[in-house]
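Colleague: Mind having a look at this structure? Questions to follow.
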Amino acid sequence: MNKKEKKQKKESSGIITRIIKIKGKSDLGKILPAADALKKGKLVSFPTETVYGLGADALNREAVKNIFIAKGRPSDNPFIIHVGSKKDVYVLAKNIPEIAEKLMDRFWPGPLTLVLNKSEIVPFETTGGRKTVAVRMPDNYIALELIRKAGVPVAAPSANTSSRPSATSAKHVIDDLNGKVDFVIDGGDSDIGLESTVLDLTSKVPLILRPGKITSEDIKKVLGKVDTYKKVDGKSVEAKAPGMKYKHYSPDAKIIIVEGPAEEVEKKVSELSMMYFRNGKKVKILSTSEKGGKEYYFMGSSERDFAKNMFNAFRELDKEKVDIILAGSISEEGLGTAIMNRMKKAAYKVIKV
Ligand code: TXA
Ligand code: MG
């Protein structure tokens, strides 16, 4: 073991995490050892366009069990299976409705996960005991090459420790999972920064279980009708994706979201900021404009930037030992729906003004 490897071997599990850096298509040959490891039942973290995944062979029960162990995740929470081509879905799922094909044609590769009836070959370990299976084809050349070279479908949750913010860079993955996975493929920062939209096609009307970059409006354009996990036929319902019921994405700092008309929100945020500051708390305000004092944390000026930077911001602010994160709400339309879904999950409190 050389010095670098010794440094990387932090945990007592005995796994040495190897990091493969990919800067462009010409580097793709470097991922072969990771593809081989996946094939042999090992764990490999890889970039996708949404967030980093913690992958294992989806058809190998033992490998899948090791994901739960590495993440510290409850074993009734199912994984998304990542495929390298649309035709792989026909092996993993059965009774696939025509609308699934329409959606795959329109949005794949891309950040849309489809929940379908599982075929017999998918072990219950992968689906958390369910008869349904979640599948998606990621829009990232490294992920696709890895899956194709491994030659197996890849079960992968987000590559964070359970209840930590999702990982959007290889550094986040290493912070959480060093010594617990065999390879981390570093492909730079995630482009979208929020996990995929999860759409259940096994219910009467297609149902969005988790909002993401592909919005209900996008899906409606293809299917005509879609419900969201909050409302079915106009009525509120409990979350159905098992993952949605767990505490999620939470930084150590307490996030307080202020909702209401822009002016009122601004007033309340600065009032709260002063109050907490006077009480000796370290406060940061998430901001979408570059100007402002050192109490502001700049998230970028567009919704896209906000989404891309959000999980990194939570991790950074934890490192800075911030006590309170204040944020004005974003309008819950388009990408804003997914941003607010994650923010509210992470929040300590939502204040309406
Ligand atoms: O963008 C993403 O989706 C990332 C990247 C790595 O692809 N993956 C991800 O996986 O976010 P994970 O495990 O953190 O979240 C998957 C979500 C969970 O809320 C889970 O409960 C839900 O999808 N899910 C998976 N299989 C399901 C099923 N059969 N029925 C209902 N919900 C399911
Ligand atoms: Mg996750």
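The values are calculated or read from the model by the stated rules, or taken from the named source; none is laboratory data. Because the structure is a prediction, the values reported are computed rather than measured. Every residue, glycine as well, gets a Cβ built from its backbone with ideal geometry; the counts of neighbours run over all protein chains shown. The area values use the complete protein model at the heavy-atom level, side chains included, leaving out ligands, DNA and RNA. Shrake-Rupley method; radii C 1.70, N 1.55, O 1.52, S 1.80 Å.
Colleague: Along the charge dipole of the chain, Cβ charges K/R +1 and D/E -1, which of 37, 257, 138 sits furthest on the positive end?
Modeller: 37
Colleague: Size of the dipole of the chain about the Cα centre, Lys and Arg at +1 and Asp and Glu at -1 on the beta carbon, nothing else charged, in debye to 20?
Modeller: With only Lys, Arg, Asp and Glu charged at Cβ, the dipole is about 900 debye.
Colleague: Farthest toward the dipole's positive end in the stretch 41-115, which of 113, 70, 47, given Cβ charges of +1 (Lys, Arg) and -1 (Asp, Glu) about the Cα centre?
Modeller: Positive-most Cα among the choices belongs to 70.
Colleague: Can you give the charge dipole size of the stretch 296-353 about its Cα centre, rounded to the nearest 20 debye, using +1 on the beta carbon of Lys and Arg and -1 on the beta carbon of Asp and Glu?
Modeller: 200
Colleague: Return one whole number: the accessible area per residue of the chain in Å², for a 1.4 Å probe.
Modeller: Per residue, the chain has an accessible area of 47 Å².
Colleague: Using a probe of 1.4 angstrom, how much of the accessible area of the chain is carbon and sulfur, in percent? Could the numbers behind the result be given before it?
Modeller: Working: 8170 of 16490 Å².
With neighbouring chains kept in place, the figure for the chain is 50 percent.
Colleague: Could you pull out every residue, at least 5 positions away or on a different chain, whose amide H is within less than 5 Å of the one on residue 351? Hs are placed 1.01 Å off N in the peptide plane, and Pro or chain starts have none.
Modeller: Here the answer is 257, 258, 259, since their amide H atoms fall under 5 Å of that of residue 351.
Colleague: For the stretch 175-214, with only Lys/Arg (+1) and Asp/Glu (-1) charged at the beta-carbon, what is the dipole magnitude about the Cα centre, in debye rounded to 20? Kindly include the intermediate steps, with their values, before the conclusion.
Modeller: On the way: 4 positive and 8 negative charges, 85 e Å.
Dipole of the stretch 175-214, to the nearest 20 debye: 400 debye.
Colleague: For the chain, what is the calculated [θ] at 222 nm in deg cm²/dmol (nearest 500), taking -39500 (n - 2.57) for each run of four or more DSSP H residues and dividing by its residue count?
Modeller: On the way: 12 runs with 115 residues, N = 353.
Using -39500 (n - 2.57) per qualifying helix, the result is -9500 deg cm²/dmol.
Colleague: Could you give me the ³J(HN,Hα) list for the stretch 198-210, computed from phi with Karplus coefficients 6.51, -1.76, 1.60 and θ = phi - 60°, whole Hz, x at Gly and Pro?
Modeller: Residue by residue, the stretch 198-210 yields 9, 10, 8, 9, 9, 8, 4, 10, x, 10, 7, 8, 9 Hz.
Colleague: Right, here's the next one. Picking from 307, 346, 326, whose Cα lies most toward the positive end of the charge dipole for the stretch 299-353 (charges on Cβ: Lys, Arg +1; Asp, Glu -1)?
Modeller: After comparing all options, I get 346.
Colleague: Next up: Could you tell me which of rounded, prolate or oblate describes the chain, using a ≥ b ≥ c as the square roots of the eigenvalues of the alpha-carbon gyration tensor, with rounded for a/c under 1.5 and, failing that, prolate when a/b is larger than b/c and oblate otherwise?
Modeller: It is oblate, given that a/c is not under 1.5 and a/b is not larger than b/c.
Colleague: What are the residues whose amide H is under 5 Å from the amide H of residue 200, where those residues sit 5 or more places off or on another chain and H is modelled from the backbone?
Modeller: It is 115, 207, 208, 209, by chain and number.
Colleague: Residue by residue, what Karplus-based ³J(HN,Hα) values in Hz, rounded to whole numbers, does the stretch 146-161 have, using 6.51, -1.76 and 1.60 with θ = phi - 60° and x for Gly and Pro?
Modeller: Coupling constants for the stretch 146-161: 4, 4, 5, 5, 5, x, 9, x, 10, 6, 8, x, 4, 8, 10, 5 Hz.
Colleague: Hey, another quick one. Largest first, how would 210, 278, 61 line up by accessible area (1.4 Å probe)?
Modeller: 278, 61, 210
Colleague: Which GluC sites (Glu not before Pro) from the stretch 297-352 combine a DSSP loop assignment with at most 16 other Cβ atoms within 10 Å?
Modeller: Within the stretch 297-352, the qualifying GluC sites (Glu not before Pro) (loop, at most 16 other Cβ atoms within 10 Å) are 320, 332, 333.
Colleague: Hey, another quick one. Under the definition of Cα pairs under 8 Å and six or more residues apart, what whole-number percent is the relative contact order of the chain? Present the calculation step by step, with values, prior to reporting the outcome.
Modeller: Working: 762 pairs, mean separation 66.9, N = 353.
Computed value for the chain: 19 percent relative contact order.
Colleague: Enumerate the amide H contacts of residue 93 below 5 Å, restricted to partners 5 or more residues apart or on another chain; note that Pro and chain-start residues carry no placed amide H.
Modeller: Distant-sequence amide H within range of residue 93: 119.
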